[in-house]
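The values are calculated or read from the model by the stated rules, or taken from the named source; none is laboratory data. These numbers come from a predicted model, not from an experiment. Cβ coordinates were reconstructed from backbone atoms using ideal geometry, including for glycine residues, and neighbour counts include every protein chain displayed. With ligands, DNA and RNA removed, areas are computed over all heavy atoms of the protein, side chains included. Shrake-Rupley method; radii C 1.70, N 1.55, O 1.52, S 1.80 Å.
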Amino acid sequence: MIEVSDLRVDYDDFCAVRDLSLTIGDGEVCGLIGPNGAGKTSTMRAIVGLLEPTYGSIRVGGIDARERPDDAQRTMGFMPDFAPVYEDLKCWEFLDIFAAAYKIPKAIRKQRVEEELARVSLTEKRDVPAGTLSRGMRQRLTLAKTLLPDPQFLLLDEPASGLDPNARIELKQIIRSLAVEGRSVLVSSHILSEMSEFCTSVAIMERGRMVVHGTIAEVQAKFNQGVELHIKVLERAEELGKWLLHYEGVLATERNGSANELTVRFAGTDEQSIANLLADIFRADFRMVSFAPRQEGLEELFLKVGAKEVS
Amino acid sequence: MSVNETEITAESVANTTKPEKGWDWSILTDNPIIIKQSRVRLKRSSMISWFMVIGVLASAVIWMEFQFGTKRYDRSAGYILGGMVFMMLIVGTQQLALMITATRATGMIDFHRLSPQSPVSLLIGFLAGGPIREYAIVAFAIPFLILACVLYGTPLTGLFILLLAAFSLTLLMHGLTLVSAMLSKNPNPNAAKGASWGVFASMGMLGPLFSGTMAVDRLAGDPPKAQFYGIATTVPIVFTGIACVASGFFLVAGVRRFKDDIRPSLTKRQTLLALSMAVLIGWGLLFQSVFPYDNFVKPFELTIIGFWTLVSFILIGTAAPDRVTYIGGLRRSLRLGLRRPGPFEDRALNRWVIGGFAGILTAGISGLYVIRNALYDEVSALPGASTATAILVVLEFGLALQYYRLRLGKQAGGAFALFLFVAWLVPFILGMALTLASGISQENEGNGFILMSISPLFGVPLGTGVIQISDIPIKECQLAALIPTLFAVFIFNQMITNLQRRIDRRILPEHQSPNVDPFAWLDDATPQELVARKMKS
């Protein structure tokens, strides 16, 4: 578990992170979202110990990262947004020297290097100088380096930047599998649609402050006024619209042009209420083609939280 | 998984990679940076070429002495040693600077910092790995050097001591380069290239010491004698000792910088220790003094005081936090319920430390006179005003630097340089002009010296009477140096106090008011309500 409380980071006269508190549980993938300059990278760098916070407490797996930074760092893997590599080394050599840095025993070092190269699909490039790799491949090589010591806690700063679609899918799978293994992952990214696919919680930052933090469902419940339902009937769409307006919990209905489709805003966000509504529509003898509650993605959530409004 | 189980897991992970107690030999045998550099810079093909070139050149300089019948193999050894020193000092230092700046510029240094590698392991890695090819070449050349010495009959013990001095000089220069490359705000490899050449241009005087123009036998067979604390020894041994002590402080600074970029190179306590070591070295060197006794301080002794002052100036730079660092420290202290950072914390102002510097300098100068009087079996009074000025100069420098850093933050450098120019250089220039003008008209020649003395850097030597010119009004020069320095110390101290209070007044309210969540108003509101509220406001 990563626990951050009252974290403050100052640069010159600018406060990058202001009294931020954040908790990431085991097996949790937390998406750190915010516009440029929100303080995401500063937060991550402070957690891993690359930046000295003005004050605040950081505990990583129960270890006080500020009192025992070396011990805390041994449990963490950090991948920065711009991944540097030793350009004059081959890919396997690059991983090999970091395997030495992470004190992986010599007997299993080669095996671990090959495993991580395979995990990021770079086995074919093992003998290629790292300097000749594309940006996406460098990113993957750095990810392999980050995973080399088998860290319990992962902090990935914009890990998907520069990756091609295939690599992004692989990255998602890697992150999911790490979460399944019980590791805590903090990921920052601008590609919110993708983050919603693997994040179990979100933390939205703006101007150094934490605007909201919780599971996606919690944040949705906090900011959504009900759930949006897309209903398509075979006929009598207008009649259904009027019927729904008298139904308890329906806030608004809108017919999509002349089609037999309706968009309904329903106050009940729990599955039971939605199931009851569906059953009642059937009972009212409307012939339904489709009924789809639409979950809002992180992008909409981010806009709804209105970080810009807040600032 | 419960929280407790997780804690155990994290602890165990932390412990698995923890080095065992005692010296970790893997720092040398399995150092990632040395491995990296070996793979890149010790490629077989290039090393064979290098060894062939070195072998041919070294053999040639030895064979030439035989062929021409001069048999001065000590000269051959001089050429080989000169080449070795060139490789280690010039090429090696440049490689080290390039490697550090490149590692910093790419951000790779952070990867190493985040690994379980200790800062000491990083330091050793860079020191040994940066110039690894140069070390390999030097190691290859050593047998040729020994051969030349054996052929001439130069004692190998002397050669060993000479090599030790050469290596300690290399360590000193590499330590200096390492710290300056780690401190550089612009980690640009090209800048490092220029900087390392600049360092060696200034070290030009050391070149002839080891160059091929001097026969090795003069340094190794019959080295120049030295006295250190009355112990009869040789110059290479004294030099090695001093270089090792100085290197020790550079290496400590390097370890701190490898830990992170935030902390100053030395702690405040370490700066005090460094100045104390400089004083001890200075006292030891006094025994070397062979100058005739004067009424006041002799040039050698004045040079030692100047050396202590210079060391103080350098150390003060590491002990004076800038505005942001101080405010950060203040915020942290307030958070912990303290009024200000402790006097020896990195983020504390340097007033206590420069007070300590003044104390050490006072002890140093007093000791200097005690030793001088004991050595010459005579008693002479301290030139009090000049001694006080020499100590006050350090206070003035330290307080002025602290004031500008506290006031202007990162822009302090320019303002501080301007202050030094106006306070220390302008009086000298004006005084010099007045002295020259008075010399021509042969009237009031002393006024120029008095004006010159307003700059303490010149006022102290003039006030001690070490400069043997009959027209110098010594008493007036002493006062001219003392009064402005004393005034500056008082003014800067007061300005720091005022500024500190102003900063306190700004920061304190932030910590006295309850921590209000600025986004609390979001909690119960729907987006529509938020927009409506916003519109209303």
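What pairs come out if I take residues in the range B:227-254 that are open to solvent by less than 30 Å² (accessible area, probe 1.4 Å) and pair them with residues that are part of a helix (DSSP H, G or I) and among the hydroxyl-bearing types (Ser, Thr, Tyr) whose C-beta lies under 7 Å away, six or more apart or interchain?
Close Cβ pairs satisfying both conditions: B:Thr240/B:Ser168; B:Ala243/B:Ser168; B:Ser247/B:Ser168.
Return a yes/no flag: does the range A:65-87 have any residue that is touching a Cys at 6+ places or on another chain (Cβ under 9 Å) and among the aliphatic types (A, V, I, L, M).
As a first pass, look at the range A:65-87 and keep what is touching a Cys at 6+ places or on another chain (Cβ under 9 Å): A:85.
Those still in the list that are among the aliphatic types (A, V, I, L, M) too: A:85.
Checked against the condition, which is being touching a Cys at 6+ places or on another chain (Cβ under 9 Å) and among the aliphatic types (A, V, I, L, M), the range A:65-87 yields at least one hit.
Per-residue answers, yes or no, for (1) open to solvent by less than 30 Å² (accessible area, probe 1.4 Å); (2) assigned to a helix (DSSP H, G or I); (3) modelled with pLDDT of 80 or more; (4) not hydroxyl-bearing (Ser, Thr, Tyr):
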residue	(1), (2), (3), (4)
B:Ile450	no, yes, yes, yes
B:Pro484	no, yes, yes, yes
B:Phe487	no, yes, yes, yes
B:Leu499	yes, yes, yes, yes
B:Arg506	no, yes, yes, yes
B:Leu530	yes, yes, no, yes
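Quick one: is B:Pro131 under 25 Å from A:Pro69 (Cα atoms), touching a helix residue (DSSP H, G or I) at 6+ places or on another chain (Cβ under 6 Å) and open to solvent by less than 20 Å² (accessible area, probe 1.4 Å)? Lay out the reasoning, then the answer.
Values: under 25 Å from A:Pro69 (Cα atoms): no; touching a helix residue (DSSP H, G or I) at 6+ places or on another chain (Cβ under 6 Å): yes; open to solvent by less than 20 Å² (accessible area, probe 1.4 Å): yes.
No, not satisfied.
Give the residues of the range B:201-256 that are of a type in the set (Lys, Arg) and modelled with pLDDT under 75, sorted by residue number.
Narrowing the range B:201-256 to residues of a type in the set (Lys, Arg): B:218, B:225, B:256.
Matches in the range B:201-256: B:Arg218 only.
Is it the case that the range B:280-297 has a residue that's open to solvent by less than 20 Å² (accessible area, probe 1.4 Å), modelled with pLDDT of 90 or more and either under 20 Å from B:Phe492 (Cα atoms) or among the small types (Gly, Ala, Ser) (or both)?
Yes: one or more hits.
So which helices (runs of 4 or more DSSP H) stay within the range A:43-159 end to end and still have 3 or more residues that are open to solvent by 60 Å² or more (accessible area, probe 1.4 Å)? I'd like the intermediate steps shown before the answer.
On the way: elements: A:69-74, A:91-101, A:106-119, A:135-147.
Counting at least 3 such residues, we get A:106-119.
Here is a list of conditions, (1) over 14 Å from B:Ile33 (Cβ atoms); (2) open to solvent by 20 Å² or more (accessible area, probe 1.4 Å); (3) more than 14 Å from chain A (Cβ to nearest Cβ), and B:Met84 meets all of them except one; can you say which number that is?
In the conditions (1) over 14 Å from B:Ile33 (Cβ atoms); (2) open to solvent by 20 Å² or more (accessible area, probe 1.4 Å); (3) more than 14 Å from chain A (Cβ to nearest Cβ), B:Met84 misses (2) alone.
What about A:Glu181, is it over 12 Å from the mean Cα position of the chain (by Cα), more than 28 Å from A:Asp6 (Cα to Cα), within 14 Å of another protein chain (Cβ to nearest Cβ) and at pLDDT 85 or above? Walk me through how you get there before you give the answer.
Details: over 12 Å from the mean Cα position of the chain (by Cα): yes; more than 28 Å from A:Asp6 (Cα to Cα): yes; within 14 Å of another protein chain (Cβ to nearest Cβ): yes; at pLDDT 85 or above: yes.
In short, yes.
Report yes if B:Arg72 is more than 14 Å from chain A (Cβ to nearest Cβ) and of a type in the set (Lys, Arg), otherwise no. It would help to see each step written out before you state the result.
Numbers: more than 14 Å from chain A (Cβ to nearest Cβ): yes; of a type in the set (Lys, Arg): yes.
Here the answer is yes, as B:Arg72 does meet what is asked.
Among B:Ala102, B:Ala148, B:Ala128, which is over 17 Å from B:Lys36 (Cβ atoms) and touching a residue at least 40 places away in the same chain (Cβ under 8 Å)?
Details: B:Ala102 fails: over 17 Å from B:Lys36 (Cβ atoms); B:Ala128 fails: over 17 Å from B:Lys36 (Cβ atoms).
Going through B:Ala102, B:Ala148, B:Ala128 in turn, just one is over 17 Å from B:Lys36 (Cβ atoms) and touching a residue at least 40 places away in the same chain (Cβ under 8 Å): B:Ala148.
Grab the helices (runs of 4 or more DSSP H) fully contained in the range A:234-311, keeping just those with 2 or more residues being within 14 Å of another protein chain (Cβ to nearest Cβ) and modelled with pLDDT of 75 or more. Don't jump to the end; show me each part of the working.
Numbers: elements: A:237-245, A:271-283, A:298-305, A:307-310.
Fully inside the range A:234-311 and qualifying: nothing.
Table: residues versus (1) of a type outside the set (Ser, Thr, Tyr); (2) touching a residue at least 40 places away in the same chain (Cβ under 8 Å); (3) in contact with a Pro (Cβ under 7 Å, 6 or more places away or on another chain).
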residue: B:Ile314; (1), (2), (3): yes, no, no
residue: B:Ala320; (1), (2), (3): yes, yes, no
residue: B:Asp346; (1), (2), (3): yes, yes, yes
residue: B:Phe357; (1), (2), (3): yes, yes, no
residue: B:Thr362; (1), (2), (3): no, no, no
residue: B:Gly384; (1), (2), (3): yes, no, no
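Tell me yes or no: at least one residue of the range B:140-155 is touching a Phe, Trp or Tyr at 6+ places or on another chain (Cβ under 7 Å) and closer than 25 Å to B:Met47 by Cα. So that I can check it myself, show each step before the final result.
Going residue by residue through the range B:140-155, those that are touching a Phe, Trp or Tyr at 6+ places or on another chain (Cβ under 7 Å) are B:140, B:148, B:151-152.
This time we only want the ones that are closer than 25 Å to B:Met47 by Cα, so: B:140, B:148.
The answer is yes; a qualifying residue exists.
Name the residues in the range B:25-71 that are open to solvent by 80 Å² or more (accessible area, probe 1.4 Å), touching a residue at least 24 places away in the same chain (Cβ under 8 Å) and more than 30 Å from B:Ser121 (Cβ to Cβ), would you?
The answer is B:Leu57, B:Lys71.
Residue check, B:Cys149 against (1) over 13 Å from B:Gly254 (Cβ atoms); (2) within 27 Å of the chain's Cα centre (by Cα); (3) modelled with pLDDT under 90, all met but one. Which one?
Unmet condition: (2).
Give all pairs with beta carbons closer than 6 Å in which a residue from the range A:83-107 that is at the interface with another protein chain (Cβ under 8 Å from one of its Cβ atoms) meets a residue that is in a loop (DSSP other than H, G, I, E, B) and not small (Gly, Ala, Ser); count only pairs at least 6 apart in sequence or on separate chains.
So the pair list comes out as A:Phe98/A:Leu148; A:Ala100/B:Asp30; A:Ala101/B:Gln117; A:Tyr102/A:Leu148; A:Tyr102/A:Pro149; A:Lys103/B:Thr17; A:Lys103/B:Pro116.
Just a yes or no: is a residue in the range A:24-42 out of contact with any helix residue (DSSP H, G or I) (no Cβ under 8 Å at 6 or more places or on another chain), assigned to a strand (DSSP E or B) and either in contact (Cβ under 8 Å) with a residue 24 or more places away in the chain or at the interface with chain B (Cβ under 10 Å from one of its Cβ atoms) (or both)? Walk me through how you get there before you give the answer.
Taking the range A:24-42 first, the residues out of contact with any helix residue (DSSP H, G or I) (no Cβ under 8 Å at 6 or more places or on another chain) are A:24-25, A:30, A:36-37, A:39-42.
Now drop any that are not assigned to a strand (DSSP E or B), which leaves A:24, A:30.
Going one step further and asking which of them are either in contact (Cβ under 8 Å) with a residue 24 or more places away in the chain or at the interface with chain B (Cβ under 10 Å from one of its Cβ atoms) (or both), we end up with A:24, A:30.
Scanning the range A:24-42, I find at least one residue that is out of contact with any helix residue (DSSP H, G or I) (no Cβ under 8 Å at 6 or more places or on another chain), assigned to a strand (DSSP E or B) and either in contact (Cβ under 8 Å) with a residue 24 or more places away in the chain or at the interface with chain B (Cβ under 10 Å from one of its Cβ atoms) (or both), so the answer is yes.
Somewhere in the range A:217-228, is a residue in a strand (DSSP E or B) and out of contact with any Leu (no Cβ under 8 Å at 6 or more places or on another chain)?
Yes: one or more hits.
Answer yes or no as to whether B:Ser26 is polar (S, T, N, Q) and at pLDDT 90 or above. I'd like the intermediate steps shown before the answer.
Details: polar (S, T, N, Q): yes; at pLDDT 90 or above: no.
No; evaluated as a whole, the condition is false for this residue.
Which numbered condition trips up A:Asp6, out of (1) more than 10 Å from chain B (Cβ to nearest Cβ); (2) within 21 Å of A:Val185 (Cα to Cα); (3) acidic (Asp, Glu)?
Evaluating A:Asp6 over (1) more than 10 Å from chain B (Cβ to nearest Cβ); (2) within 21 Å of A:Val185 (Cα to Cα); (3) acidic (Asp, Glu) leaves (1) as the failure.
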